[in-house]
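Have a look at the structure below before the remarks.
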């Protein structure tokens, strides 16, 4: 975000625009990159939560049902399939 602000400031200054225009452009750039960064962080956090839940399911630990509230059905179905496969393996022994 700091680099985007610097690039915006330098570009506006080199074009010879006024101070008010420069500040408006800088504010717009900073707000845009703030929201873009927030969206990217939330997406990456979602991946981390899914990976943590999948890791817990692979280790065979108990998974609380509330953990599935924040993930999509695909991950939930994968965990159910793995548990049914484990039950079938236990029955065959």
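See the values below:
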quantity	calculated
Boolean, residue 82 is surrounded by 10 or more Cβ atoms within 10 Å (Cβ to Cβ) and at pLDDT below 85	yes
Residue 54 vs. criteria touching a helix residue (DSSP H, G or I) at 6+ places or on another chain (Cβ under 7 Å), surrounded by 10 or more Cβ atoms within 10 Å (Cβ to Cβ), part of a helix (DSSP H, G or I) and modelled with pLDDT under 85	yes
Cross-chain or 6+ apart pairs with Cβ under 9 Å, the range 10-35 first and on the phi < 0 side of the Ramachandran plot and without any contact (Cβ under 8 Å) to a residue 24 or more places away in the chain, then surrounded by 11 or more Cβ atoms within 10 Å (Cβ to Cβ) and part of a loop (DSSP other than H, G, I, E, B)	25/17
Counted residues, the range 26-51 - those being touching a helix residue (DSSP H, G or I) at 6+ places or on another chain (Cβ under 9 Å), at pLDDT 90 or above and over 30 Å from residue 12 (Cβ atoms)	0
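The values are calculated or read from the model by the stated rules, or taken from the named source; none is laboratory data. This is a predicted model, so every value here is computed, not measured. Cβ sites come from the backbone with ideal geometry, for glycine too, and all protein chains shown count toward neighbours.
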